[in-house]
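The values are calculated or read from the model by the stated rules, or taken from the named source; none is laboratory data. Worth saying up front: this structure is predicted, and the values here are computed from it rather than measured. Positions of Cβ are generated from backbone atoms using ideal geometry, with glycine treated the same way; all protein chains shown enter the neighbour counts. Accessible surface areas use protein heavy atoms only, side chains included; no ligands, DNA or RNA. Shrake-Rupley method; radii C 1.70, N 1.55, O 1.52, S 1.80 Å.
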Amino acid sequence: MSLVVEANLLDVDLPAEPRSASRARRAVLDALSGIAVDKDAVGVVVSEAVTNAVVHAYRDREAPGRVHVSACLDDHGVEVAVDDDGMGMRPRADSPGVGLGLPLMGDLADRVDISSRGPGTRIAAFFSLMGPAGPHGRPLARHVSGRAERRTAVLVS
């Protein structure tokens, strides 16, 4: 029987304003200290997800809303989630098209799940533990994904 151990590493609530992206990134990276995970990738994904909430989630309001950032660790890896209670994923009339944030998150994380619910959006990114430092001494990956094997974000309705 396999027992999965899970630990909540971080739960932080921030205002949906530009400086919160760097504050969230620092908080998550501090929480991941000593954990064998690609911290550069985690940092970029957190920054992008929080920035998306700041720019898009509350564009119908005068005052900024809130962004909730959490991180959990289990035997397989780390899940970082960014939640808002904004207007959900809706097209912008003033947008020239799809931005780079979601595809970038899909490239950097092992899995990205996006759920848009009324109200709000949740972006949850999963990052596998790396190499022998993982809890079960998993071997390092011998294969590096290229553009042809690009992981994409999954939109869950």
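Summary of computed values
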quantity: Integer Hz, Karplus 6.51/-1.76/1.60 couplings in order for the range 116-128, x for Gly and Pro; calculated: 10, 10, x, x, x, 9, 10, 10, 10, 10, 10, 10, 5
quantity: In nm, spacing of pseudo-spin labels at ARG59 and ASP13 (7 Å Cα→C-beta vector); calculated: 2.6 nm
quantity: Sites ASP75 and SER22, calculated FRET efficiency, Cβ-Cβ separation with R0 30 Å, nearest 0.05; calculated: 0.50
quantity: Karplus-derived HN-Hα couplings along the range 44-52 (A = 6.51, B = -1.76, C = 1.60, θ = phi - 60°), whole Hz, x at Gly and Pro; calculated: 5, 4, 4, 4, 5, 5, 5, 4, 4
quantity: Residue order for MET130, MET87, MET105 - accessible surface, 1.4 angstrom probe, largest first; calculated: MET130, MET87, MET105
quantity: Contact order normalised by residue count of the range 1-68, Cα under 8 Å, 6+ apart, percent; calculated: 44 percent
